[in-house]
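Presented below is the structure to which this report refers.
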Amino acid sequence: MRIALAADHAGYLLKDELVAWLREAGHAVTDLGTNGPESVDYPEFGTKLATAVASGDADRGVVVCGSGIGISIAVNRNPQCRCARVDDPLSAALAREHNDANVLALGARLIGSDMAKACVSAFLETNFAGGRHQRRIDQLSNLLEDSD
């Protein structure tokens with residue numbers, strides 16, 4: 001699977017750990033930065049990741065900031081992305097199964113490395129259920145069309 005990751009300065013250490021772990025697992029990983037503790041603006045990195053997922057350059061994405069909230073909002077500005085901010089594997093699995101989430105957001109200041117990996121594993125291993133859930137995903141897409 002092709003996975004893109006991005007983070008701000010608060011999330012780069014966790015992002016770097018996830019990049020290495022995912023590569024070891026055999027995934028094709030694109031690291032969109034940031035790669036240091038210097039203060040950066042999370043919207044820039046959320047937008048980079050959203051563009052990678054929306055264009056098809058990545059199958060799924062993972063973003064990390066201090067809380068996971070700001071960067072998830074940035075990703076969700078792209079109508080092709082459904083980004084879910086989670087703290088536990090069940091939420092990550094349900095985001096995929098029910099909402100066909102294609103981006104996962106994590107808060108580096110809120111969860112540890114092991115929990116982050118458990119969330120990412122659940123996110124990558126869970127398939128979208130379709131059925132009644134597809135109708136709801138379609139409605140989300142129609143919200144954008146109706147606003148034109």
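Throughout, read-outs are computed from the coordinates displayed, never taken from laboratory work. Worth saying up front: this structure is predicted, and the values here are computed from it rather than measured. For neighbour counting, all protein chains shown are included, and Cβ atoms are generated from backbone atoms with ideal geometry for every residue, glycine included.
Simple rule: put +1 on each Lys or Arg Cβ and -1 on each Asp or Glu Cβ in the chain, find the dipole, and look at 81, 111, 129; the Cα lying farthest toward the positive end is 129. Here the dipole of the chain is about 260 debye; that uses its Cα centre as origin and unit charges on the Cβ of Lys and Arg (positive) and Asp and Glu (negative).
Each Lys and Arg adds +1 at its Cβ and each Asp and Glu adds -1 at its Cβ; summed about the Cα centre, region 53-139 shows a dipole of about 260 debye. Under a 5 Å amide H cut-off, with hydrogens placed 1.01 Å from N, residue 10 pairs with 66 among residues at least 5 apart or on other chains.
Across region 1-61, the relative contact order, built from alpha-carbon pairs under 8 Å that are at least six residues apart, equals 48 percent.
By the beta-carbon count within 10 Å of each Cβ, the least crowded to most crowded order of 119, 65, 81, fewest first, is 81, 119, 65.
Compared with the dominant principal axis of the Cα atoms in the chain, helix 12-24 is inclined by about 80°.
Applying the Karplus relation 6.51 cos²θ - 1.76 cosθ + 1.60 with θ = phi - 60° to region 70-78 yields 3J(HN,Hα) values of x, 5, 5, 5, 4, 4, 6, 5, 7 Hz, where x marks Gly and Pro. In the chain, Cα pairs under 8 Å separated by at least six residues give a relative contact order of 22 percent. Set against the labelled values (i) 1.33; (ii) 0.98; (iii) 1.29, Cα Rg over 2.2 N^0.38 Å computed from this structure falls on (ii).
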